1. How much net charge surrounds Gly127 when only other residues with a Cβ under 14 Å from its Cβ are counted (Lys, Arg +1; Asp, Glu -1)?
2. Mind pulling the per residue volume of the convex hull built on the Cα atoms of the range 78-131? Å³ is fine.
3. Take the Cβ-Cβ distance between Cys116 and Ala159 as r, set R0 to 30 Å, and report the resulting FRET efficiency rounded to the nearest 0.05.
4. Angle between the Cα long axis of helix 66-78 and the longest principal axis of the chain, 0 to 90 degrees, nearest 10?
5. Determine the distance separating the Cα centre of the range 39-96 from the Cα centre of the range 143-181; give it in Å without decimals.
6. Output the peptides 147-153, 98-104 sorted from most to least packed, where packing is the average of other Cβ atoms within 10 Å over each peptide's residues.
7. For a Förster distance of 41 Å, can you work out the FRET efficiency between the beta-carbons of Ala181 and His128, rounded to the nearest 0.05?
8. Assuming 1.306 mPa s and 10 °C, estimate D for the chain with Stokes-Einstein, Rh taken as the Kirkwood radius over Cα pairs, in µm²/s.
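Just so it is clear, none of the values below were taken in a lab; they were calculated from the coordinates. Treat the numbers as computed from the prediction; the structure is a model and nothing was measured. Here the Cβ positions follow ideal geometry from the backbone for every residue, glycine too, while neighbour counts run over all protein chains shown.
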Amino acid sequence: MKIVVLTGAGISAESGIATFRDSDGLWEGYDPMEVATPEAFEADPALVHRFYDERRRALEAAQPNAAHLALARLEAAIGDDLYLVTQNVDDLHERAGSARVHHMHGELRSAWCTACDDRHVWHDPLGHEPACPSCEGSHLRPDIVWFGEVPYGMEVIEAALHEADLFVAIGTSAVVYPAAAFVHWARGRTLELNLDESAASEDFTQSRRGPATELVPAWVDEVLAGLPRD
Ligand code: APR
């Protein structure tokens with residue numbers, strides 16, 4: 001059975017990573033148009049770097065939770081039959097043990113040189129404009145897909161959705177496109193695992209309400225119980 005799983009900020013909420021649109025979310029404290037667009041970076045790179053340096057540092061204190069661990073367990077059981085795409089820029093899926101994670105909105109732990117186009121694994125701040133390891137220039141930006149930019153690997157995601165027997169959305173409000181459209185592109189059944197009603201809940205075959213750390217392990221157990229005994 002081919003499964004595509006899309007995760008959003010809600011899967012990392014119980015790890016202490018702020019979501020965007022919940023009451024204490026990131027967009028309460030910052031205007032996305034001032035910190036998450038190419039124009040904002042052009043206008044005030046220091047503010048944009050501060051926003052992402054803060055979130056990169058917060059990663060160090062966060063730990064993967066039971067939902068991330070359950071998805072890693074699912075990957076270990078079904079391998080390439082699972083396609084995990086995340087809107088999140090944290091590294092909690094990887095730290096939970098997932099080996100194949102498609103970060104469609106980029107990653108906090110990656111820096112992108114706008115001079116030579118190289119990308120580098122990056123754990124430190126970028127605010128002091130460090131030199132690019134490849135070209136020595138000081139033109140590194142957060143490797144994050146900002147509003148107005150094209151998410152990474154859309155054709156691969158679309159192909160996976162067209163082949164999937166099941167599409168599962170976890171912890172996303174379904175208000176940002178193109179991810180919000182995935183439920184419509186999915187060929188097979190669709191399942192939503194979310195704390196609250198999302199903008200797309202009615203479009204899913206089934207929508208379950210609750211915290212990811214309860215819903216995701218229970219769903220993974222269901223999938224694994226249904227697998228043919230080898
Ligand atoms: N368990 C499950 N779901 C949760 C939990 C939890 N513990 N906590 C919150 N949620 C749900 C909320 O109900 C909400 O529907 O997670 C969703 C979080 O929604 P958003 O904050 O909008 O995050 P997301 O959907 O990932 O945002 C998508 O918007 O700003 C852009 O690029 C940014 O990737 C982000 C995109």
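1. 0
2. Here the figure is 97 Å³ per residue.
3. Efficiency, rounded to the nearest 0.05: 0.50.
4. 70 degrees
5. 15 Å
6. 98-104, 147-153
7. Computed FRET efficiency for Ala181 and His128 comes out at 0.60.
8. This corresponds to a translational diffusion coefficient of 87 µm²/s.
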